[in-house]
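S.K.: Quick one: structure below, then a few questions.
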Amino acid sequence: MASAGGNSDPSEVVIDEVVGIWIALAGISTGNLHLAAAFLFFRLFDIWKPGPINRLQGLPGGWGIMLDDVAAGLLAWPLVYGLGRLA
């Protein structure tokens with residue numbers, strides 16, 4: 001779909017976002033604070049795309065589309081987990 005439409009990350013495809021947020025929430029309490037933190041940290045890393053996330057986005061085909069969001073979820077997870085340990 002990405003190459004057929006000429007768009008590197010089509011907005012109609014959201015499975016990458018779903019997987020990323022699931023990773024950010026893995027094993028975390030589903031309280032409102034945790035849900036909000038997971039969403040905010042995931043979106044921050046997904047939009048900002050620090051270092052390795054930006055490089056992953058450049059992978060060919062669907063790999064880059066998927067793996068940049070997986071990496072954003074992996075970066076968000078310890079922050080959400082740590083927040084849960086403090087609360």
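S.K.: Does Ile65 count as surrounded by 13 or more Cβ atoms within 10 Å (Cβ to Cβ), touching a Pro at 6+ places or on another chain (Cβ under 9 Å) and in contact (Cβ under 8 Å) with a residue 40 or more places away in the chain? Give the steps one after another, and end with the answer.
M.R.: Details: surrounded by 13 or more Cβ atoms within 10 Å (Cβ to Cβ): yes; touching a Pro at 6+ places or on another chain (Cβ under 9 Å): yes; in contact (Cβ under 8 Å) with a residue 40 or more places away in the chain: yes.
Yes, satisfied.
S.K.: Got a sec? Which of Leu33, Leu40, Leu25 is surrounded by 17 or more Cβ atoms within 10 Å (Cβ to Cβ) and either in contact (Cβ under 8 Å) with a residue 24 or more places away in the chain or out of contact with any Cys (no Cβ under 9 Å at 6 or more places or on another chain) (or both)?
M.R.: Values: Leu33 fails: surrounded by 17 or more Cβ atoms within 10 Å (Cβ to Cβ); Leu40 fails: surrounded by 17 or more Cβ atoms within 10 Å (Cβ to Cβ).
Among Leu33, Leu40, Leu25, only Leu25 is surrounded by 17 or more Cβ atoms within 10 Å (Cβ to Cβ) and either in contact (Cβ under 8 Å) with a residue 24 or more places away in the chain or out of contact with any Cys (no Cβ under 9 Å at 6 or more places or on another chain) (or both).
S.K.: Can you tell me which residues in region 28-87 are basic (Lys, Arg) and either touching a Gly at 6+ places or on another chain (Cβ under 6 Å) or part of a helix (DSSP H, G or I) (or both)?
M.R.: Arg43, Arg55, Arg85
S.K.: Turning to a different aspect of this structure: Just to be sure I understand, how many residues within region 68-86 are of a type in the set (D, E, K, R) and buried (at least 16 other Cβ atoms within 10 Å of the Cβ)?
M.R.: Going through region 68-86 one residue at a time, the tally reaches 2.
None of the figures in this text is laboratory data; all of them are computed from the coordinates on show. Computed from a predicted structure; not experimentally measured. Cβ atoms come from the backbone with ideal geometry, glycine included; neighbour counts cover every protein chain shown.
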